[in-house]
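Just below is one structure, and these are the notes that go with it.
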Ligand code: MRU
């Protein structure tokens, strides 16, 4: 993506080939800054504080975290400890475990002296795979968008949270079809859910769409049902943090309510995801996907930037009221029209996923 006249990915290596650079997403849309990750601890901190976020990007950052650990100490104990520390940062997105397991298996089977080099190469490979997967998701999803057009007006697409290039290495999952179709000339308008409490839609998705010059409107989270009842949404496309082999989809809190509203109004509800987001070990998402619970302060307070650009926080709730902050919810597969993957679009079922990925999942 192009920012301030320069092409960026969300994560890249320093010219020394060791340290890692990321975009600090906590400052967006007001302040574009990058951070340097010089150690495994830095990588874990960046994931925990949501300096980087989004399932695929968390996975790639985790992989580089193991590489940073292997560079300073390639012993079995250090690799195991990096794996455990990085895995403990955020529980829901399965891409993190997928990437960490991949690095650990590779490194523990290799001679100690070769581990650091192998780790950086594997992390870079995961990053490149993610870019290729997102580009393919973009191509397959764009076909659906073109087909959704039924009159001369714009195609109205609703999305939740941020599943754009900031959530991946580049392109995004749910936004990749939008960018691809828009570049192919489709007249698109995006309804952007603000996505309380961290407002990834209002801050990050809007920032991306503005940069790509895709017409969009930010709406309060609860507006989606109303928009669908009035025929103002042709298609919903969201991302996923973990998809079960049976097609249940876990995504940012509030996604489930959008799926229910889409179901009630006959609006197609698609989920875009790379295969690294599929957890083949589980089928029942409501029962088996761990849902991150974050600090209640994200609910009781709203944060942003003041006129001088400094961070500010405003309390919304009365002192003494309890609050809880569930980060994700699960949309059962019966409400999902289809999964847009890097190998094509399939039904949100075990047969659908295994049909596209017979080589994965054991
Ligand atoms: O808490 P976040 O911002 O990491 O949550 C991100 C999402 O819920 C995205 O929709 C999901 O990771 C899919 S990203 C391609």
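Listed here are the residues, each with its yes/no results for (1) in contact with a strand residue (DSSP E or B) (Cβ under 9 Å, 6 or more places away or on another chain); (2) surrounded by fewer than 16 Cβ atoms within 10 Å (Cβ to Cβ).
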position: 23; (1), (2): yes, no
position: 26; (1), (2): yes, no
position: 33; (1), (2): yes, yes
position: 64; (1), (2): yes, no
position: 70; (1), (2): no, no
position: 74; (1), (2): no, no
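Which one is nearest to the ligand (Cβ to nearest atom), of the residues in the stretch 297-345 that are surrounded by fewer than 13 Cβ atoms within 10 Å (Cβ to Cβ) and more than 30 Å from residue 30 (Cα to Cα)? The selected residue is 334. When residue 270 is tested against (1) surrounded by 12 or more Cβ atoms within 10 Å (Cβ to Cβ); (2) touching a residue at least 24 places away in the same chain (Cβ under 8 Å); (3) away from the ligand (no atom under 14 Å from the Cβ), exactly one condition is not met: (3).
Residue 235: within 28 Å of residue 353 (Cβ to Cβ), buried (at least 24 other Cβ atoms within 10 Å of the Cβ), more than 15 Å from the ligand (Cβ to nearest atom) and assigned by TED's automatic domain parsing to the domain that holds residue 269, yes or no? Yes, satisfied.
Take residue 57 and decide whether it is within 18 Å of the chain's Cα centre (by Cα), over 30 Å from residue 267 (Cβ atoms), within 14 Å of the ligand (Cβ to nearest atom) and not in a loop (DSSP other than H, G, I, E, B). Quick ask: steps written out before the conclusion?
On the way: within 18 Å of the chain's Cα centre (by Cα): yes; over 30 Å from residue 267 (Cβ atoms): no; within 14 Å of the ligand (Cβ to nearest atom): yes; not in a loop (DSSP other than H, G, I, E, B): yes.
Considered against the rule, which asks whether it is within 18 Å of the chain's Cα centre (by Cα), over 30 Å from residue 267 (Cβ atoms), within 14 Å of the ligand (Cβ to nearest atom) and not in a loop (DSSP other than H, G, I, E, B), residue 57 comes out as no.
Counting only helices (runs of 4 or more DSSP H) that fall entirely inside the stretch 91-193 and contain at least 2 residues that are in contact (Cβ under 8 Å) with a residue 12 or more places away in the chain, farther than 27 Å from residue 12 by Cβ and more than 13 Å from the ligand (Cβ to nearest atom), the qualifying elements are 115-148. Considering the conditions (1) surrounded by fewer than 22 Cβ atoms within 10 Å (Cβ to Cβ); (2) within 16 Å of the ligand (Cβ to nearest atom); (3) closer than 22 Å to residue 1 by Cα, residue 213 is excluded by exactly one of them, (2). Among the residues making up the stretch 194-207, a single one is in contact with a helix residue (DSSP H, G or I) (Cβ under 6 Å, 6 or more places away or on another chain) and part of a helix (DSSP H, G or I): 204.
Take residue 84 and decide whether it is within 16 Å of the ligand (Cβ to nearest atom) and either surrounded by 22 or more Cβ atoms within 10 Å (Cβ to Cβ) or within 26 Å of residue 249 (Cα to Cα) (or both). Spelling it out, it is not the case that residue 84 is within 16 Å of the ligand (Cβ to nearest atom) and either surrounded by 22 or more Cβ atoms within 10 Å (Cβ to Cβ) or within 26 Å of residue 249 (Cα to Cα) (or both). Residues of the stretch 151-170 that are under 20 Å from residue 277 (Cα atoms) and crowded, with 24+ Cβ neighbours inside 10 Å: 159, 160, 161, 162, 163, 164, 165, 166, 167, 168, 169. Within the stretch 277-294, the set of residues being within 13 Å of the ligand (Cβ to nearest atom) and over 14 Å from residue 247 (Cα atoms) comprises 291, 292, 293, 294.
The values are calculated or read from the model by the stated rules, or taken from the named source; none is laboratory data. Computed from a predicted model, the values in this text were never measured in an experiment. Methodologically, a virtual Cβ is constructed for each residue, glycine included, from the backbone with ideal geometry; neighbour enumeration extends over all protein chains shown.
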